[in-house]
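Below is one structure, written out as structure tokens; the observations come after it.
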Amino acid sequence: MGTIKHQLRTNSLITLAGTVGVGKSSLTNALSDALGFEPSFEKVDGNPYLEDYYRDFKTWSFHLQIYFLAERFKQQKQMFESNIGYVQDRSIYEDVGIFAQLQYDNGNMTTRDFETYHSLFNAMIMSPYFPKPDVLIYIDGDLSMIIERIKQRGREMEITTPHSFWEDLYSRYKEWIFSFTECPILHLDINSYDCHDQESIGEIVRGLEKLQNNPDMKYLKLENTIYEQSK
Ligand SMILES: Nc1ncnc2c1ncn2[C@@H]1O[C@H](COP(=O)(O)OP(=O)(O)O)[C@@H](O)[C@H]1O
Ligand SMILES: Nc1ncnc2c1ncn2[C@H]1C[C@H](O)[C@@H](COP(=O)(O)O)O1
């Protein structure tokens, strides 16, 4: 798929948010390609804690969160210094507001560790390396479809994780997005776009432009961007 003409600032930061398996990485690829921006991925292969974490949340939650924070810091610093456009696969706000909070609420992180984690997070986002994203794209959809995608993707550690964990994560996302005010939100449903369709990606780009060019506009939901279906 080729590049799409757009009017976004050349150093824009577009961040994707949504639960595991919803399609962030796939859309990060398609959008960065279309915009001529760099993609910035969350690396799963090579994460030294992730498999242990899924086996034993209580032992590894704090270690994993610190690891993710360190990775994000390096990623943000590199993005800030290069001063070019990026599409980022997952925001730091989800680490703290969803994943760490979930494990704390479920008794898998102590108050001491949670407070240490929070103070590190707060110190980091005060640094110049953490400008607010221009737009956060929130991807949502039916939980059953999302679970199907997790199964199809085939990461063993995720497939063997109890359904209740995905339900908890899913319902937290629904609440979290309503309280999110750091930047404008472009809301997509997994049935409302197609990563392989230039028209559909073009509609998403138009949505991003609207939000970036209208400072009073804080939220936009794209109901259907798939040309074939909308006819
Ligand atoms: N629009 C889509 N339609 C069908 N399958 C999709 C779509 N987007 C992603 N997938 C598939 O769903 C799975 C999870 O997608 P991924 O982009 O890795 O999600 P995330 O990064 O949110 O965890 C992958 O197997 C991917 O190929
Ligand atoms: N902050 C996090 N805490 C726990 N687990 C996390 C965090 N960020 C990502 N993860 C996990 C969830 C998935 O198993 C992988 C990759 O996420 P994905 O949504 O598939 O990009 O890492």
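The values are calculated or read from the model by the stated rules, or taken from the named source; none is laboratory data. Treat the numbers as computed from the prediction; the structure is a model and nothing was measured. FYI the Cβ positions are ideal-geometry reconstructions off the backbone, even for glycines, and counts take in every protein chain you see.
When you look at Thr225, is it away from ligand 2 (no atom under 16 Å from the Cβ) and either more than 25 Å from Arg9 (Cβ to Cβ) or not in a helix (DSSP H, G or I) (or both), yes or no? Considered against the rule, which asks whether it is away from ligand 2 (no atom under 16 Å from the Cβ) and either more than 25 Å from Arg9 (Cβ to Cβ) or not in a helix (DSSP H, G or I) (or both), Thr225 comes out as yes. Among the residues making up the range 69-93, those that are of a type outside the set (Lys, Arg), surrounded by fewer than 21 Cβ atoms within 10 Å (Cβ to Cβ) and part of a helix (DSSP H, G or I) are Leu69, Ala70, Glu71, Phe73, Gln75, Gln78, Met79, Phe80, Glu81, Ser82, Tyr93. When Leu169, Leu222, Leu208 are checked against the criterion of being farther than 28 Å from Asp33 by Cα and surrounded by 16 or more Cβ atoms within 10 Å (Cβ to Cβ), Leu169 stands alone in meeting it.
Of all the residues in the range 136-191, those that are under 18 Å from Tyr219 (Cβ atoms), of a type in the set (Lys, Arg) and without any contact (Cβ under 8 Å) to a residue 12 or more places away in the chain number 0. Any residue at all in the range 118-135 that's in contact with a Pro (Cβ under 7 Å, 6 or more places away or on another chain) and modelled with pLDDT of 95 or more? Yes, the conditions are met somewhere in the range 118-135. Total residues in the range 125-135 satisfying the condition of being surrounded by 13 or more Cβ atoms within 10 Å (Cβ to Cβ) and under 30 Å from Thr59 (Cα atoms): the figure is 2.
Counting only residues that are touching a residue at least 40 places away in the same chain (Cβ under 8 Å) and either surrounded by 16 or more Cβ atoms within 10 Å (Cβ to Cβ) or closer than 16 Å to Gly23 by Cα (or both), which one in the range 192-205 is nearest to ligand 2 (Cβ to nearest atom)? Applying the filter and picking the extreme gives Cys195. Looking across the range 14-55, the residues that are more than 16 Å from ligand 1 (Cβ to nearest atom) and either within 19 Å of Asp197 (Cα to Cα) or in contact with a Lys or Arg (Cβ under 8 Å, 6 or more places away or on another chain) (or both) come down to Leu35, Gly36, Phe37. When the residues of the range 51-68 are filtered to those that are surrounded by fewer than 19 Cβ atoms within 10 Å (Cβ to Cβ) and among the hydrophobic types (A, V, I, L, M, F, W, C), the one that is nearest to the chain's Cα centre (by Cα) is Ile66. Across the range 94-124, the qualifying residues are those that are within 11 Å of ligand 2 (Cβ to nearest atom) and among the polar types (S, T, N, Q), and the one among them that is surrounded by the fewest Cβ atoms within 10 Å (Cβ to Cβ) is Gln101. Suppose we keep only residues that are closer than 24 Å to Leu13 by Cα and among the hydroxyl-bearing types (Ser, Thr, Tyr) within the range 141-199. Which one would you say is nearest to ligand 1 (Cβ to nearest atom)? Restricting to residues being closer than 24 Å to Leu13 by Cα and among the hydroxyl-bearing types (Ser, Thr, Tyr), the top hit is Tyr193. The listed residues are Ser32, Ser26, Ser12, Ser40, and the only one of them that is within 17 Å of the chain's Cα centre (by Cα), away from ligand 2 (no atom under 16 Å from the Cβ), surrounded by fewer than 22 Cβ atoms within 10 Å (Cβ to Cβ) and on the phi < 0 side of the Ramachandran plot turns out to be Ser12. Consider the range 43-69 and keep the residues that are more than 9 Å from ligand 2 (Cβ to nearest atom) and among the β-branched types (Val, Ile, Thr). The one that is nearest to Asp113 (Cα to Cα) is Ile66. Look at (1) among the hydroxyl-bearing types (Ser, Thr, Tyr); (2) surrounded by 19 or more Cβ atoms within 10 Å (Cβ to Cβ); (3) away from ligand 2 (no atom under 15 Å from the Cβ) and you find that Tyr138 fails only one, number (3).
So which residues in the range 12-52 are hydroxyl-bearing (Ser, Thr, Tyr) and under 20 Å from Ile185 (Cα atoms)? Residues satisfying the conditions are Ser12, Thr15, Thr19, Ser25, Ser26, Thr28, Ser32, Ser40.
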